[in-house]
Every structure is written in C-alpha cells, then in structure tokens.
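Read through the structure below, which is laid out as structure tokens, and then see the notes.
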Amino acid sequence: MATTGVLDEIIDVARYPLTDSESARRREAVALARAELDESGCTVLREFIRPALIEILREQGEAMAPHAYYEVERVNAYNIPLDSELPQRHPGRIVLERGNAFVPRDRIPADALIHRLYTSPEFQRFVADCFGLAELYEFADPLAGLCLNVVAPGMSHPWHFDTNEFTVSMLTRPAESGGIFEYCPNIRSPHAENLDDVRDVLTGSGQRLIRSLDLRPGDLQLFRGRFSLHRVSPVTGGDQRHSAIFAYTDRPGVIGTVERTRQLFGRVLPDHLAAADAVRGDRLLD
C-alpha cells in the first residue's frame with residue numbers, strides 16, 4: 001500500500017492533511033505546534049487517529065503488551081548508573097522506582113497501526129515541520145526506535161529525561177485512574193542542567209514547575225523530552241496504561257546507551273555495544 005494511502009486510512013486527513021504541503025489547514029497545524037513547542041516543549045494534536053480506529057489501536061496494543069519486559073528497578077532521573085560519582089546534593093543521587101515496561105520495536109508487527117504511521121515518510125515530514133527541522137530521522141536504536149510503554153496498576157514511569165531530543169507519542173489505552181502525563185517545560189537546556197529546579201521536582205517541592213496533560217487515545221503528542229523532566233504518575237484501578245512512543249532525532253544513527261537499554265529491555269544488541277563510545281551532540285547527563 002502506498003504511504004499516502006496509509007495516512008488516508010489512519011489519520012483524519014480532513015483535519016490534518018499531511019500529504020498536501022500547500023494546504024492552509026496543514027500550515028495552521030504546523031504553526032500552532034511550533035508555537036506550543038517553543039513555549040512549553042510540548043503540543044498535542046487532538047483526535048489525530050480516525051475515531052473508527054481507536055478500538056483497533058487499543059486491541060493491537062493489548063496484543064503486544066505481553067511482550068513487554070517487566071522488572072521493577074531502582075533508577076535516577078538521568079538513567080545513569082546509581083553509583084556514578086556526583087556531588088552530594090546532585091539530583092542524580094535521588095533514587096526512584098521504575099515500574100513501567102516496554103515492548104521493543106522487534107516485537108511490534110509491521111502491519112500494526114503504530115508501525116505503519118511511524119515509518120511513513122509523509123508523517124515524518126509533518127513531524128519534522130512541526131519541530132522546525134530540515135530533516136528528521138528514525139531513532140536508529142533497533143529496540144527503542146518504536147515501542148509500547150506499558151504501565152500496570154500500582155506502577156509508574158518515574159521522573160526522567162529522554163535520550164533523544166524529539167519524542168512523538170500516542171496514548172492507545174488509558175488507565176482506569178491515575179497514569180497522568182506530567183512534565184516540567186524546558187527545565188534544562190543544552191548548556192545548563194538547572195540542578196536546583198530538578199531537585200525541587202524530585203523532592204516534592206517543585207509543584208510550580210509541573211504541568212499535567214489530559215491525553216485521550218488517538219491524540220498525537222509531540223515533545224522535547226530531552227529538556228523537559230517528565231513522568232507518568234502511578235496507575236490506579238484495574239487497567240494497564242498503554243502508549244506508543246515514536247522516537248525521532250535530528251541526526252542519523254543515534255542509538256541508546258548500553259546501560260539504559262538493559263534497564264528498559266533487559267537485553268542489548270550488537271548495535272548498542274558498537275555505539276557505546278559514540279559522542280553525544282551535547283554534554284548533558286543522559
């Protein structure tokens with residue numbers, strides 16, 4: 001099937017005409033996304049997926065969820081080793097419990113809605129335009145490029161920063177209660193860690209810095225997760241929370257670290273080992 005056909009089938013193209021670069025609606029959607037990303041590092045395109053596909057989106061996620069790697073781990077917000085040498089009051093010394101799980105890309109069927117969307121050149125061009133990028137690349141990581149985030153009742157995805165600069169996500173199944181996406185807009189920059197603010201959030205005294213999002217299945221979220229501390233709050237009730245994570249970057253070949261890959265997926269591949277000594281595009285803690 002042609003990629004344009006994929007988008008026509010999956011996306012509400014009347015509201016989001018991704019394939020028509022001259023469309024006024026497309027220009028308006030891009031302009032609004034850019035403005036919100038500049039202001040807060042986050043934007044949400046409501047009802048991006050056709051309503052008739054929301055149930056299929058949920059069912060496909062439920063079929064993938066058993067392939068998630070589950071292991072409650074002690075981590076920090078930077079996903080670096082807990083024994084890293086850091087100053088006494090550095091927020092990286094604060095230990096958090098990560099209870100969410102990830103279905104890796106190699107366990108997501110190629111015909112799944114989220115996979116077809118993630119690999120669509122027209123979709124990638126639209127995302128690049130929203131982020132104001134000349135080019136955009138799939139996260140080269142063979143496990144983390146596309147994954148399904150699973151948060152079971154009683155668990156959470158604690159405060160953290162993303163490895164990649166640009167993250168696109170979509171809720172596919174909401175929690176019965178809890179499981180709220182919370183973030184701290186632009187709490188750090190490529191040149192400043194702003195450790196005091198990060199510490200305030202992690203110790204419960206930074207409420208002034210936190211925003212919450214009311215996400216619904218099928219909404220498309222664009223996010224600068226490398227610079228905005230964020231989490232999914234504890235899930236309560238009887239339902240798991242599922243969300244697809246489409247990871248992109250502004251340069252080719254970016255792969256997650258060995259340490260973080262083991263944390264998220266319980267395994268590493270030769271690509272991760274080969275990239276272990278690669279130089280990052282900034283000097284921030286991962």
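The values are calculated or read from the model by the stated rules, or taken from the named source; none is laboratory data. What you see is a predicted model; the values in this text were computed from it and never measured. With ideal geometry, Cβ positions are generated from the backbone for all residues, glycine too; neighbour counts draw on all protein chains shown.
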Residue match in segment 87-101 (condition: touching a Gly at 6+ places or on another chain (Cβ under 9 Å) and in a strand (DSSP E or B)): no
Residues satisfying the stated conditions in segment 170-196, i.e. in a strand (DSSP E or B), surrounded by 21 or more Cβ atoms within 10 Å (Cβ to Cβ) and in contact with a Phe, Trp or Tyr (Cβ under 8 Å, 6 or more places away or on another chain): 170, 183
Matching residues, segment 162-200, being in contact (Cβ under 8 Å) with a residue 12 or more places away in the chain, among the polar types (S, T, N, Q) and within 30 Å of residue 252 (Cα to Cα): 163, 164, 167, 169, 172, 186, 189
Some residue of segment 98-117 being more than 20 Å from residue 262 (Cα to Cα) and touching a strand residue (DSSP E or B) at 6+ places or on another chain (Cβ under 7 Å): yes
Residue within segment 201-215 that is in a loop (DSSP other than H, G, I, E, B), within 26 Å of residue 11 (Cβ to Cβ) and in contact (Cβ under 8 Å) with a residue 60 or more places away in the chain present: yes
Test set (1) over 17 Å from the mean Cα position of the chain (by Cα); (2) in a loop (DSSP other than H, G, I, E, B) - residue 227 fails condition number: (1)
Selection from segment 95-115 of residues that are surrounded by fewer than 18 Cβ atoms within 10 Å (Cβ to Cβ) and among the β-branched types (Val, Ile, Thr): 95
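Quick grid of which residues meet (1) under 20 Å from the mean Cα position of the chain (by Cα); (2) assigned to a loop (DSSP other than H, G, I, E, B); (3) small (Gly, Ala, Ser); (4) closer than 19 Å to residue 163 by Cβ:
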| residue | (1), (2), (3), (4) |
| --- | --- |
| 198 | yes, no, no, yes |
| 231 | yes, no, no, yes |
| 242 | yes, no, no, no |
| 256 | yes, yes, yes, yes |
| 259 | yes, no, no, yes |
Residue tally, condition touching a residue at least 24 places away in the same chain (Cβ under 8 Å) and either out of contact with any strand residue (DSSP E or B) (no Cβ under 9 Å at 6 or more places or on another chain) or within 24 Å of residue 217 (Cβ to Cβ) (or both), over segment 71-90: 4
Residues (in a strand (DSSP E or B) and among the aliphatic types (A, V, I, L, M)) located in segment 244-254: 244, 245, 247
Options 92, 99, 61; residue that is within 24 Å of residue 165 (Cα to Cα), at pLDDT 95 or above and among the small types (Gly, Ala, Ser): 92
All positions within segment 116-136 that are surrounded by fewer than 18 Cβ atoms within 10 Å (Cβ to Cβ) and either basic (Lys, Arg) or within 17 Å of the chain's Cα centre (by Cα) (or both): 119, 125
Residue in segment 205-215 that is of a type in the set (S, T, N, Q), within 18 Å of residue 150 (Cα to Cα) and touching a strand residue (DSSP E or B) at 6+ places or on another chain (Cβ under 8 Å) present: no
